[in-house]
Amino acid sequence: MTTMVFGTDGWRDVIADGFTVARVRRAARAYAQHLHDAGGGLVLVAHDTRFGGPLFQAAVAATLRDVGLSVRVHDGPLPTPLLSFAVRELGAVGGVMLTASHNPAPYHGFKLKGAYGGTATSATYDDVAERAAKLADEFEAPPLSATIAHFDVRDAYFRHLHQLLDLDVLRGWRGRLVHDAMHGAAAGWIAAFARWAGLPWQVEAVRSAADPTFGGGSPEPIPATLGALTERLAGADPVSTLGVATDGDGDRLAVVAAGAAPFTAHAVLALLLDHLDRRGTPGRVVKTVTVSRLVERLAQARGREVLETPVGFKHLVEALLVGDVMVAGEESGGFGVAGHIPERDGILNALLVTEALAEGRQPLPERLAALERESGWRHAYDRADLALAGSAELERVLQRLAADPASFAGLPVRSVERRDGVKLNLADDRWLMLRASGTEPVLRLYAEGPDDAAVAELLAAARAFVTRGAQPSSR
């Protein structure tokens, strides 16, 4: 019996290889047992635009009902934050989102949502994984005694956004918002809210057609995938035009200012921090260990407490559930904000960034430069992914860093963190981190430094260390 690995946010695998209908039923059975033992209730199920979404959704729904749970499904693709909102809005005890988020098209995934309307906690995932390990794949679907009812929370979600946004500011902006949905489930949602709220904008769609192949690429909103959006903004006014991109299931966000390169997720988080702080929103700033020091230094300059967590939004959720959080964010473009569900939401965050632009009447690159000056941190960052042959190869790489090195890439190592992978804090305001992806068989390399050249040098040294077995000098 094959092992199902639940990583940073659920279980993901390659469609028709590890991710099969039989194994999806097994995962659903484990989750159903978890919920049944906790008292049962209503469970919501939805899917994104990936291949086989309706088929997998039907398999999950039938399995949940077979255990005695009440089940409702969404008719058609749905963004992940909408499922999370629906779970809380409709009083469900949990939810299943069938998505692999930003992963390439061959992947599918099984995400769980808590009754509070956000990513399931580590404790829930651990329990479901333990139960799944004791079950066999289910090759026959439980019979459905009746058609499963649908749910729809579109208007309730829009009313909730209305409460979180300053519509007077948004209505005062006579701009053009270009939304690149990357062929994912968030297509049309920003435009629909703009119509619902009577916003006098032009919302222009890029890659809005649902496509399980995502146009032959990955639905991950990072600079390398945003060429089409960047080109669409060329020559436009940076105050009256803004580009935003959401990932495959709509929970992550990227931002592109007209005439500029795409912002990193760290820069977007800094802009959100600044905007919410100016609004007077109370609370701490929470970030994962891979997020730029720009964010923590800016937060400290504003008198905000900073909490750092391992990678994975489930760790941020735990902080959001405790409360007193203004904004929480991760390196991959997922942000949670005060007053909303404890969940990433690319739709809301795109509207908040638009609000920041509309209110400030200043190009966002200029605003970011001012935040860098305020924090005293010049932000340059990049990430590289290296394919690995297996867990043994990864273990060999990390083992070579088992003893804290004295230097790396010719720079003294100031300290070593092992909260998630290995992070080397280096001299000259530089750091390098190596960690295994929780969703793909790759080793992720993260680096930050005073300029792009310094970052490129660090990543090159890290690649050499991984691929050629170079050793850092020891203490």
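Only the coordinates and a few stated rules stand behind these numbers; no lab work does. Only a predicted model underlies this, so the values are computations on that prediction, with no experimental measurement involved. In this analysis, Cβ positions are derived from the backbone assuming ideal geometry, glycine residues included, and neighbour counts consider all displayed protein chains.
Ordering 85, 405, 103 by Cα displacement along the dipole of the chain toward the positive end leaves 405 in first place; charges were set at the Cβ atoms of Lys, Arg (+1) and Asp, Glu (-1).
Can you show me the helix-derived [θ] at 222 nm for the chain, built from DSSP H runs with n ≥ 4 at -39,500 (n - 2.57) apiece and divided by the number of residues, rounded to the nearest 500.
Calculated at 222 nm, the ellipticity per residue is -11000 deg cm²/dmol.
Within the same chain, lysines fewer than 8 places from residue 113 are excluded, and of the rest, those with a Cα less than 18 Å from its Cα are 314. Of the beta bridges in region 6-154, as assigned by DSSP with both residues counted there, near 50 percent are antiparallel. Debye-formula intensities of region 1-157, expressed as log10 I(q)/I(0) at q = 0.13 Å⁻¹, are -0.50 (one equal scatterer per alpha-carbon, no solvent).
Among 381, 116, the order by Cβ neighbours within 10 angstrom, fewest to most, reads 116, 381. Under 5 Å between amide hydrogens, built in the peptide plane, is the criterion, and for residue 286 it picks out 307, 327, 328, 329 among residues at least 5 positions away or on other chains. Relative protection proxy for 299-309, 174-184, 420-430, from highest mean packing down: 174-184, 420-430, 299-309 (other beta-carbon atoms within 10 angstrom).
Using Cβ point charges alone (K and R +1, D and E -1), the dipole size of the chain about the Cα centre works out to roughly 260 debye. Residue 171 label point, 7 Å along Cα→Cβ, cut-off 19 Å on backbone N: hits in region 338-353? 351-352, by backbone N distance to the label point. For region 173-375, the spread of Cα coordinates along the three principal axes comes to 40, 35, 32 Å, biggest extent given first.
The dipole here belongs to region 385-457: it is taken about the Cα centre, uses +1 on the Cβ of Lys and Arg and -1 on the Cβ of Asp and Glu, and is about 340 debye. Computed over region 208-327, the Cα gyration tensor eigenvalues convert (square root of 5λ each) into semi-axes of 28, 19, 12 Å, ordered from largest to smallest. A viscosity of 0.692 mPa s and a temperature of 37 °C, combined with the Kirkwood radius over C-alpha pairs in the Stokes-Einstein formula, give region 159-236 a diffusion coefficient of 237 µm²/s.
At 4 °C and 1.567 mPa s, what whole-number value in µm²/s does Stokes-Einstein give for the translational diffusion of region 51-95, with Rh from the Kirkwood sum over Cα pairs? Please list the in-between numbers first.
Values: Rh = 11.3 Å.
It comes out at roughly 114 µm²/s.
Close amide H partners of residue 380, meaning residues 5 or more places away or on another chain with modelled amide H under 5 Å apart, are 449.
Under unit Cβ charges (Lys, Arg +1; Asp, Glu -1), what dipole magnitude, rounded to 20 debye, does region 6-154 have relative to its Cα centre?
Magnitude of the dipole: close to 140 debye.
From least to most packed, judged by other beta carbons within 10 angstrom and beginning with the fewest, 377, 11, 196 follow the order 196, 377, 11.
I want to verify the translational diffusion coefficient of region 262-363 in µm²/s; compute it with Stokes-Einstein, Rh as the Kirkwood radius over Cα pairs, at 20 °C and 1.002 mPa s. Once the numbers are plugged in, D ends up at 161 µm²/s. Its Cα gyration tensor gives the chain an equivalent ellipsoid. The semi-axes, each the square root of 5 times an eigenvalue, are 34, 30, 20 Å from largest down. Put simply, the Cα atoms of region 380-474 extend 34, 26, 25 Å along their principal axes, the longest span coming first.
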